[in-house]
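Following: one structure in structure tokens, then a few remarks.
The values are calculated or read from the model by the stated rules, or taken from the named source; none is laboratory data. If you're wondering where the values come from, they're calculated on a predicted model, not measured in any experiment. Please note: Cβ atoms are built from the backbone with ideal geometry, for glycine as well, and neighbour counts cover all protein chains shown.
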Amino acid sequence: MNTSIGLIIGGLQSGLPVGHFLLALVLLIIGAFCYLRITPFNERQLIAENNVAAACVLVGMLIALAIPLTATLATSGSAIDIVIWGFIALLIQLATFAAASLFLHNLRKMVIEDNVAAAVTLAGMQIAVALLNAGVMAG
């Protein structure tokens, strides 16, 4: 590929670890899938019904999983580090959800009833823990 586009793609591949990005993206998808399986409500169905609280929970979870993965991408040179820290991030986020469920009594009911305040509180807790987690990973 000796064309201009080939040179651009070659430069991007040598300067950007595309494989690491794709690995992190796969970990994000796996993490989201696991998270959606353990929550006591169906975010996809609730969002289809225009439930803003469910959307806040889902977006908070995605951000909370992406933050530590981003820190890992920024500080790690190997795919195995990304995988290990990615799974640790997922476990921490699942534990955060469990702890938040204890703090926010009747979380399932609140999300189903579109209680945005409860959903934003959950999302905030998850993002706060994710930021701390990312700091440890980058540290």
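Observations on the model:
- Taking (1) among the small types (Gly, Ala, Ser); (2) in contact with a Cys (Cβ under 9 Å, 6 or more places away or on another chain); (3) surrounded by fewer than 19 Cβ atoms within 10 Å (Cβ to Cβ) in turn, Ala128 satisfies each apart from (2).
- Whichever residue in the stretch 107-125 is loosely packed, with under 14 Cβ neighbours inside 10 Å and modelled with pLDDT of 95 or more and, among such residues, is nearest to Thr72 (Cα to Cα): Ala117
Per-residue answers, yes or no, for (1) surrounded by fewer than 15 Cβ atoms within 10 Å (Cβ to Cβ); (2) out of contact with any Cys (no Cβ under 8 Å at 6 or more places or on another chain); (3) more than 18 Å from Val136 (Cβ to Cβ):
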{"site": "Thr75", "(1), (2), (3)": "yes, yes, no"}
{"site": "Val83", "(1), (2), (3)": "no, yes, no"}
{"site": "Ile92", "(1), (2), (3)": "no, yes, no"}
{"site": "Phe97", "(1), (2), (3)": "no, yes, yes"}
{"site": "Leu102", "(1), (2), (3)": "yes, yes, yes"}
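- Inter-residue pairs, beta-carbon under 8 Å, first at negative phi and in the stretch 22-38, second β-branched (Val, Ile, Thr), 6+ apart: Leu23/Ile82; Leu23/Val83; Ala24/Thr70; Ala24/Thr72; Ala24/Ile82; Leu27/Ile82; Leu27/Val83
- Single unsatisfied condition, Leu12 versus (1) in a helix (DSSP H, G or I); (2) at pLDDT 90 or above; (3) surrounded by fewer than 11 Cβ atoms within 10 Å (Cβ to Cβ): (2)
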